Amino acid sequence: MKIIILSRNARLYSTRRLAEAAEQRGHEVKVVDALKCYMDITSDRPAIFYKGEKLTGFDAIIPRIGASITKFGTAVLRQFEMMGVYPINESVAITRSRDKLRSLQLLSRKGVGLPVTGFAHSVSDTEDIINLVGGAPLVIKLIEGTQGRGVVLAETPKAAESVIDAFHELDANFIVQEFIREAAGSDIRCFVVGDKVVASMMRTAKEGEFRSNLHRGGEAHLVKLSKEERATAVNAAKIMGLHMAGVDILRSNRGPVVMEVNSSPGLEGIEKATGKDVADIIIEFIEKHARPHKTKTKGKG
C-alpha cells in the first residue's frame with residue numbers, strides 16, 4: 001500500500017515510528033506537512049498538491065494533526081477523504097474530539113462515566129457553577145487546550161472565582177470540573193486501536209503538579225486495566241468515531257471516569273512504558289481495513 005502520514009515533522013518520534021513500521025511491513029510511506037498542502041476543490045476531480053507535486057494513488061492516511069492546526073489540517077484530510085483515501089481517523093471524528101465540550105456531551109449522552117462538569121457564559125453564574133461541581137478544589141479547562149495547556153487547579157473558592165473571572169475577561173470558552181481527589185495525581189492512558197485497548201500506562205504527576213502529562217515531568221509505568229476500564233476506553237473512542245485514540249481515564253470512587261479522548265495520541269510514552277510495538281499494531285489495522293472510499297462521511301460535514 002501507499003500510505004501518507006500527515007505530520008508537521010518527519011523527525012518526531014510518533015511519525016518516525018509509524019513510517020518505520022509501515023516500511024518494515026512492505027508499504028510505501030510519504031510524510032506530508034498539512035500546512036504546505038494546497039487543494040483544488042473547484043473541479044469535478046478533487047486534488048491535493050504538496051510542494052508542486054500532485055498527491056495521487058494513495059491507499060491510506062494517518063493524520064497526526066496538532067491542535068493548533070486543527071481547522072486547516074482537517075480540511076486537508078477531508079480532501080483526501082473525497083479522493084477515496086482511507087483515513088484511520090476521519091476528519092469529523094477529529095474535530096469532534098478536539099471540542100472538549102462537545103465530546104463530553106456526546107460521552108454523557110451515551111452514559112460514559114465523567115467528572116461532574118459545568119459550563120456557563122455569564123459571570124453572574126460563577127458561584128453556582130463552582131457549587132455545581134462540588135466546590136473547591138476544582139479544575140478549570142480551556143475548551144481548546146491540549147496536553148495539559150490551559151488547565152488550572154483552583155484550590156479555594158476565591159482562587160476559582162479569580163480564574164473564572166479572568167477567563168471570562170479574555171472571552172475564552174472553558175469548562176469547570178470536579179477534582180477527583182482519590183486519583184492522587186495519576187491518570188491512565190489507554191491506547192485504543194479498533195475495538196481493543198492495545199496498550200495502557202499509568203501516568204503520575206511530578207511533585208507539586210496535578211497534571212500527569214509526560215512532557216510536564218510526569219512518570220509512566222505499565223498498568224493492568226479492569227474489564228470496566230477497558231470497556232470504558234473502547235466505548236469512548238467508538239462514540240467519538242475514532243479508530244485510533246488515546247483515552248485518558250481516572251480511577252474514581254464511582255468507577256472509571258473519562259477525562260479526554262485524544263485523536264492523535266503520542267507513541268513514545270506508551271511504547272517505552274509498555275514495551276509494545278504500537279506502531280506496528282496501527283499499520284496492521286490499516287492493512288485489514290483500508291478500502292477506497294471507506295469513510296462514513298465521504299468528506300462531508
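What do you reckon, is residue 298 at pLDDT 95 or above and either on the phi > 0 side of the Ramachandran plot or in the same structural domain as residue 190 (by TED's automatic domain parsing) (or both)? No: the conditions fail for residue 298. Of 259, 240, all but one fail to be touching an Asp or Glu at 6+ places or on another chain (Cβ under 6 Å), under 25 Å from residue 111 (Cβ atoms) and crowded, with 16+ Cβ neighbours inside 10 Å; the exception is 259. Give segment 63-119 a look and list any residue that's β-branched (Val, Ile, Thr), free of Cβ contacts under 8 Å to residues at least 24 places away in the same chain and closer than 30 Å to residue 132 by Cβ, or say none. Result: no residue meets the conditions. Going residue by residue through segment 222-230, is there one that turns out to be touching a Leu at 6+ places or on another chain (Cβ under 9 Å), within 24 Å of residue 106 (Cβ to Cβ) and either modelled with pLDDT of 95 or more or among the hydroxyl-bearing types (Ser, Thr, Tyr) (or both)? Scanning segment 222-230 turns up no residue that is touching a Leu at 6+ places or on another chain (Cβ under 9 Å), within 24 Å of residue 106 (Cβ to Cβ) and either modelled with pLDDT of 95 or more or among the hydroxyl-bearing types (Ser, Thr, Tyr) (or both).
Within segment 216-269, take every residue that is polar (S, T, N, Q) and outside any loop (DSSP other than H, G, I, E, B) and give me the one that is farthest from the chain's Cα centre (by Cα). Of everything passing the filter in segment 216-269, 252 is farthest from the chain's Cα centre (by Cα). Restricting segment 29-63 to residues that are acidic (Asp, Glu) and either in the same structural domain as residue 265 (by TED's automatic domain parsing) or over 10 Å from residue 4 (Cβ atoms) (or both) leaves a set whose member that is farthest from the chain's Cα centre (by Cα) is 44.
Filtering segment 36-54 to residues that are closer than 10 Å to residue 82 by Cβ and touching a strand residue (DSSP E or B) at 6+ places or on another chain (Cβ under 9 Å) leaves 39, 41, 46, 47, 48.
The values are calculated or read from the model by the stated rules, or taken from the named source; none is laboratory data. On a predicted model such as this, the values are computed, not experimentally measured, just so you know. All Cβ positions, glycine included, derive from the backbone under ideal geometry; neighbour counts span all protein chains shown.
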